[in-house]
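The values are calculated or read from the model by the stated rules, or taken from the named source; none is laboratory data. Small disclaimer: the values here were computed from a predicted structure and weren't measured. Cβ atoms come from the backbone with ideal geometry, glycine included; neighbour counts cover every protein chain shown.
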Amino acid sequence: MKLFSTKTFTLLFVSFLALYPNISTASFGVHLGSHIGIGRLGNETTQVRDRSMGTFDLQAVPGYKILSDSLMVGLLLEYRLLSQLTSAGNVAGEDFSGGGFSLGPAVTYRISLVKILVGYDLISKQSTHTPEGSLSGSAIRFLVGYELFPSLYADLTLNLNSYGDQDRNGTEVLLTNKVKHWNFGFGISYSY
């Protein structure tokens, strides 16, 4: 389910920046993280059979701290690697291992020693090994981090991806049942 088109989100974000009276007092902030996790990918039909997946990601959120040093609004950029843990023989010879990226708005909020990140990926693309191609869609993500040392956090993450388009060997296919990929992970992040 896509909440906003890219054009609508851009208009809302630019309007917010234009209307925010103290934007000149906002300071730059950043969240950098790396996580590993495990989850499931598939849909209810045999179009893309359900399978276990392992993930590794690198993410960055450059942004601006507004209203206080605790609240940051920014743009989440993520590169991820998926590794299919289910044998290809059990899922019609398909191997959905590959690299991918995501791009979308994110908000972080720090309360004492806890950091919360919520993001919505307007663009989420994942390459696949067999069949050669990719999946395209959107995602929502949640992260809760606990500060171990100043600015260094231990994180728990939850990502919920929904892919509605699939490129199979160069042919674009609109999926009648979206491919869902959920992932639970842990890792570390740095924020200032």
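Within segment 47-86, the set of residues being modelled with pLDDT of 90 or more and assigned to a loop (DSSP other than H, G, I, E, B) comprises 70, 85, 86. Scanning segment 67-85 for residues that are closer than 14 Å to residue 110 by Cα and buried (at least 20 other Cβ atoms within 10 Å of the Cβ) yields 72, 73. Against the list (1) modelled with pLDDT of 95 or more; (2) crowded, with 17+ Cβ neighbours inside 10 Å, the condition residue 96 fails is (1).
Scanning segment 146-192 for residues that are at pLDDT 90 or above, small (Gly, Ala, Ser) and in contact with a Leu (Cβ under 7 Å, 6 or more places away or on another chain) turns up 154, 189. For segment 112-139, taking the residues that are hydrophobic (A, V, I, L, M, F, W, C) and either at pLDDT below 95 or surrounded by fewer than 16 Cβ atoms within 10 Å (Cβ to Cβ) (or both), the one that is nearest to residue 92 (Cα to Cα) is identified as 135. Within segment 149-162, the set of residues being without any contact (Cβ under 8 Å) to a residue 12 or more places away in the chain and in a strand (DSSP E or B) comprises just one member, 149. Touching a residue at least 24 places away in the same chain (Cβ under 8 Å), touching a Phe, Trp or Tyr at 6+ places or on another chain (Cβ under 7 Å) and part of a loop (DSSP other than H, G, I, E, B) - does that describe any residue in segment 110-123? Yes, segment 110-123 contains a residue that is touching a residue at least 24 places away in the same chain (Cβ under 8 Å), touching a Phe, Trp or Tyr at 6+ places or on another chain (Cβ under 7 Å) and part of a loop (DSSP other than H, G, I, E, B).
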